[in-house]
Amino acid sequence: MVKVDDVKLDHILNALEELEYGSVVITVHDGKITQIDTTEKKRFSLVKNGS
């Protein structure tokens, strides 16, 4: 198993801390983290106006 450096761990933890709804995808190539993608979801409730 390869040791993950602190910079990459900090990026992952920061992405998780800032995320309310969504996902964090960690891409690994040849046993090493090569990319971190964050997808954030924003949801809005629908308000119907009564007439």
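The values are calculated or read from the model by the stated rules, or taken from the named source; none is laboratory data. Since this is a predicted model, take the numbers as computed values, not measurements. Just so you know, the surface numbers come from the protein's heavy atoms only, side chains and all, with ligands and any DNA or RNA stripped out. Shrake-Rupley method; radii C 1.70, N 1.55, O 1.52, S 1.80 Å.
Do you know which of the residues in the stretch 34-51 that are more than 25 Å from VAL4 (Cα to Cα) and of a type in the set (A, V, I, L, M, F, W, C) is least open to solvent (accessible area, probe 1.4 Å)?
Applying the first criterion (more than 25 Å from VAL4 (Cα to Cα)) to the stretch 34-51 yields 41-51.
Okay, now just the ones that are also of a type in the set (A, V, I, L, M, F, W, C), so 44, 46-47.
Values: PHE44: 173, LEU46: 163, VAL47: 120 Å².
Filtering the stretch 34-51 for residues that are more than 25 Å from VAL4 (Cα to Cα) and of a type in the set (A, V, I, L, M, F, W, C), the one least open to solvent (accessible area, probe 1.4 Å) comes out as VAL47.
When the stretch 1-13 is examined, which residues are found to be open to solvent by 100 Å² or more (accessible area, probe 1.4 Å) and in a loop (DSSP other than H, G, I, E, B)?
MET1, LYS3 - these are the residues of the stretch 1-13 that are open to solvent by 100 Å² or more (accessible area, probe 1.4 Å) and in a loop (DSSP other than H, G, I, E, B).
Would you check which residues across the stretch 14-33 are within 26 Å of PHE44 (Cα to Cα), open to solvent by less than 100 Å² (accessible area, probe 1.4 Å) and not small (Gly, Ala, Ser) and list them?
As a first pass, look at the stretch 14-33 and keep what is within 26 Å of PHE44 (Cα to Cα): 14-25.
Narrowing the set further to residues that are open to solvent by less than 100 Å² (accessible area, probe 1.4 Å) leaves 14-16, 19, 22-25.
Those that are within 26 Å of PHE44 (Cα to Cα), open to solvent by less than 100 Å² (accessible area, probe 1.4 Å) and not small (Gly, Ala, Ser): ASN14, LEU16, LEU19, VAL24, VAL25.
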